[in-house]
Amino acid sequence: MRILIADDSEVVRRGVRNILTSTSWEVCGEAIDGPDAIQKATELLPDLVLLDISMPGLSGLDVARLLREKVPATCILVMSQHDPSVLLPRALEAGAHACIDKSRLALDLVPAIERIQAT
């Protein structure tokens, strides 16, 4: 599975990359804001975009909607500091496949990706 990490925080991107090093998945790129995420997703055609909900340029929900149009085969996993149970309906409506809490990335990221990959 090829993964694009889209988050404006270098610390978060580095942390996600470190979590993913223990897997067979490939990080094919990183994006620093909404427009960058759209550009890199259309160029790199990842299997999955790990998408921050709050980024400069465009919100993660806006990016998810645009990615559904431009790269419909790409899955989207939204990452947020907000309660994912509250955000999940809006994320799903925007085209995301799942939503996880950033404070639980170390515990929840790999299982969430595995669930998406299994569908």
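Quick test of the membrane-span-like rule: which DSSP H helices of the chain reach at least 18 Å along their long axis (C-alpha atoms) with mean Kyte hydropathy at least 0.5? Before the final figure, lay out the partial values.
Working: long enough: 105-118 (20 Å, 0.96).
Taking the DSSP H segments of the chain (at least 18 Å long, mean hydropathy at least 0.5), we get 105-118.
If each residue of separation counts as 0.36 nm, what is the full-extension length gain between Ile19 and Leu45 once their alpha-carbon separation is subtracted? Walk me through the intermediate numbers first.
Working: separation 26, 0.36 × 26 = 9.36 nm, distance 2.15 nm.
The span from Ile19 to Leu45 would gain 7.2 nm if fully extended.
Given a Förster radius of 22 Å and the C-beta distance between Ser59 and Arg104 as r, what FRET efficiency does 1/(1 + (r/R0)^6) yield to the nearest 0.05?
Working: r = 21 Å, r/R0 = 0.96.
Efficiency at R0 = 22 Å is approximately 0.55.
So if I take the centroid of the Cα atoms in region 21-46 and the same for region 48-75, what is the distance between those two points in Å?
Each part reduced to its Cα centre gives a spacing of 11 Å.
Mean residue ellipticity at 222 nm from the helices of the chain, using -39,500 (n - 2.57) per DSSP H segment of n ≥ 4 over the full residue count, to the nearest 500 deg cm²/dmol? Let's see the in-between values first.
Numbers: 5 runs with 58 residues, N = 119.
Helix contribution divided over all residues of the chain: -15000 deg cm²/dmol.
Laboratory data are not the source of any read-out in this text; all were calculated from the coordinates shown. Just so it is clear, the structure is predicted and the values come from calculations on it, not from any experiment. Because the Cβ atoms are built from the backbone with ideal geometry, glycine has one as well, and the counts that use them run over all protein chains shown.
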